[in-house]
Amino acid sequence: MTQRSTVILGTGSYAPERVVTNEELSKTVDTSDEWIHTRSGIRERRIAGPGETTSDMGAAAARRALEAAGLTAADIDLLVVATVTPDLVMPAAACLIQTKLGVPSTAACFDLNAACSGFVYALDTACAMLTSGRYRRALVIGAEKFSSIVDWQDRTTCVLFGDGAGAVVLGTTEQPGVGLLGTKLGAFGESAELLYVPAGGSNEPATAASIAARRHCVKMKGKEVFKLAVRVMDEAARDILEQHHVRADQISLVIPHQANLRIIEAISEYLELPMERFFVNVDRYGNTSAASIPIALDEARRSGRIKTGDLTLLVAFGAGLTYGSALIRW
Ligand code: ACO
């Protein structure tokens, strides 16, 4: 039987118009451009406008990906949205995006939560569903309105995050050696409390007291997350390279999750791969969680940094703590 593999037919991204600089943040919390930039590499981030939702941003990115693929919403039979900030607890953001785009009612639509690793998890999920032969064309979206769960009075977290969305259209090919060559996913659930939102779930539903105590906002032990992120991203990258008998220097471009420039620099050092082989846009967007890799992928593709025949490595980590890597031949 011929082997099917998954290929990326088009990419798209969307960032809200409003730019919030470090300078602007330093007027509301005790911080500075110098501190934020030296510790994280971030200069500015985009923040969604009033009334602008995760599904609005996801739909905008998806429209661009469909256009790039030369397809329409009618061609899609699988829609997966990676997000930790869906418009509503239910139904899924995927169903809201389905309606905004006009994706047929015969399409499977669902959300997936693996935090900042969400896009790599969603890519793997869609890939498995497509190569099963039961679905033909998928939209995989990473979309976040992270500003909605950030504590804007907590300088240790609020300076790091931003809003946005990225998307890819996936199809299949029988051409050997191209497309999504493999993925590696995993999680360290025992470290869940290093990065989490304590209230708002079924464990601690909203009360006036939980809201007053800001328990619906992100809490993070930054230093511990940093150390684990470096170790886990390095291992996830090495594992997938080894699995596919690829040397690090054969990778044309690494697209890492954009959380902190120092994390990316550490991975570059560990893999002995120069920073020129890493795509970086954390300076302009901050950490957009599940949207970070697909936004970077789209920018890399559109700016000509990815060419046919290239090998690209995606590597992510996020709350959970989850991790994931993927190897793509274009
Ligand atoms: N402005 C000024 N000072 C600050 C700020 C700020 N915004 N934030 C913290 N500080 C202070 C601290 O209070 C501390 O002061 P102290 O020494 O008097 O106690 C000092 O700066 C140093 O703080 P550290 O936390 O030690 O700084 P560090 O160098 O570790 O950098 C950072 C902090 C940027 C958060 C880093 O640890 C990091 O990036 N961690 C990883 C976070 C991450 O990637 N999270 C995303 C996960 S993905 C997802 O799923 C969402």
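The values are calculated or read from the model by the stated rules, or taken from the named source; none is laboratory data. Everything numeric in this text was worked out from a predicted model, so none of it was measured. Using ideal geometry, Cβ is built from the backbone for each residue, glycine included, and neighbour counts are taken over all protein chains shown.
Scanning the range 243-301 for residues that are more than 12 Å from the ligand (Cβ to nearest atom), out of contact with any strand residue (DSSP E or B) (no Cβ under 9 Å at 6 or more places or on another chain) and not hydrophobic (A, V, I, L, M, F, W, C) returns His245, Arg247, Asp249, Glu269, Tyr270, Glu272, Pro274, Glu276, Asn281.
Please verify whether Ala74 is within 18 Å of the chain's Cα centre (by Cα) and more than 13 Å from the ligand (Cβ to nearest atom), treating the condition exactly as stated.
Values: within 18 Å of the chain's Cα centre (by Cα): no; more than 13 Å from the ligand (Cβ to nearest atom): yes.
No; evaluated as a whole, the condition is false for this residue.
For first residues located in the range 218-235 and touching a residue at least 12 places away in the same chain (Cβ under 8 Å), partners that are assigned to a strand (DSSP E or B) and near the ligand (Cβ under 9 Å from one of its atoms) and lie 6+ apart or on another chain with Cβ distances below 6 Å form the pairs Met220/Leu195; Val225/Leu195; Ala229/Phe317; Val232/Phe317; Met233/Phe317. Restrict the check to the range 45-53 and report whether at least one residue is of a type outside the set (A, V, I, L, M, F, W, C), touching a Lys or Arg at 6+ places or on another chain (Cβ under 6 Å), within 16 Å of the ligand (Cβ to nearest atom) and outside the structural domain of Val315 (by TED's automatic domain parsing). The answer is no; no qualifying residue exists. If you go through the range 205-232 and keep only what is outside any loop (DSSP other than H, G, I, E, B) and more than 10 Å from the ligand (Cβ to nearest atom), you end up with Ala208, Ala209, Ser210, Ile211, Ala212, Lys219, Arg231, Val232. Can you pull out every residue in the range 304-323 that is within 16 Å of the ligand (Cβ to nearest atom) and small (Gly, Ala, Ser)? Of everything in the range 304-323, those that are within 16 Å of the ligand (Cβ to nearest atom) and small (Gly, Ala, Ser) turn out to be Ala316, Gly318, Ala319, Gly320. Only a single criterion out of (1) in contact with a strand residue (DSSP E or B) (Cβ under 8 Å, 6 or more places away or on another chain); (2) more than 16 Å from the ligand (Cβ to nearest atom); (3) among the aliphatic types (A, V, I, L, M) is not satisfied by Ala128, namely (1).
Residue under question is Pro16, and the condition is that it be more than 16 Å from the ligand (Cβ to nearest atom) and modelled with pLDDT under 95; does it hold?
Details: more than 16 Å from the ligand (Cβ to nearest atom): yes; modelled with pLDDT under 95: no.
When the stated conditions are applied, Pro16 does not pass them.
Scanning the range 23-41 for residues that are closer than 18 Å to Gln153 by Cα, within 9 Å of the ligand (Cβ to nearest atom) and out of contact with any helix residue (DSSP H, G or I) (no Cβ under 8 Å at 6 or more places or on another chain) turns up just one, Trp35.
Residues that are of a type in the set (A, V, I, L, M), more than 18 Å from Tyr323 (Cβ to Cβ) and crowded, with 18+ Cβ neighbours inside 10 Å: does the range 249-262 have at least one? Explain how you work it out, then say what you get.
Of the range 249-262, the ones of a type in the set (A, V, I, L, M) are 251, 253-255, 259, 261.
Then keep just the ones that are more than 18 Å from Tyr323 (Cβ to Cβ); that gives 253, 261.
Narrowing further to those that are crowded, with 18+ Cβ neighbours inside 10 Å: 253, 261.
Within the range 249-262, one or more residues are of a type in the set (A, V, I, L, M), more than 18 Å from Tyr323 (Cβ to Cβ) and crowded, with 18+ Cβ neighbours inside 10 Å.
Does the range 105-123 hold any residues that are of a type in the set (A, V, I, L, M) and assigned to a strand (DSSP E or B), and which are they?
If we filter the range 105-123 for residues that are of a type in the set (A, V, I, L, M), which is where we start, we get 107-108, 112, 114-115, 120, 122-123.
If the condition is that a residue be of a type in the set (A, V, I, L, M) and assigned to a strand (DSSP E or B), then Ala108, Leu112 are the ones that fit.
Per the listing Gly171, Gly142, the residue uniquely assigned to a strand (DSSP E or B) and within 15 Å of the chain's Cα centre (by Cα) is Gly142.
Of all residues in the range 87-104 being out of contact with any strand residue (DSSP E or B) (no Cβ under 6 Å at 6 or more places or on another chain) and not in a helix (DSSP H, G or I), which is surrounded by the fewest Cβ atoms within 10 Å (Cβ to Cβ)? Step by step, filter the range 87-104, then rank; the result is Met90.
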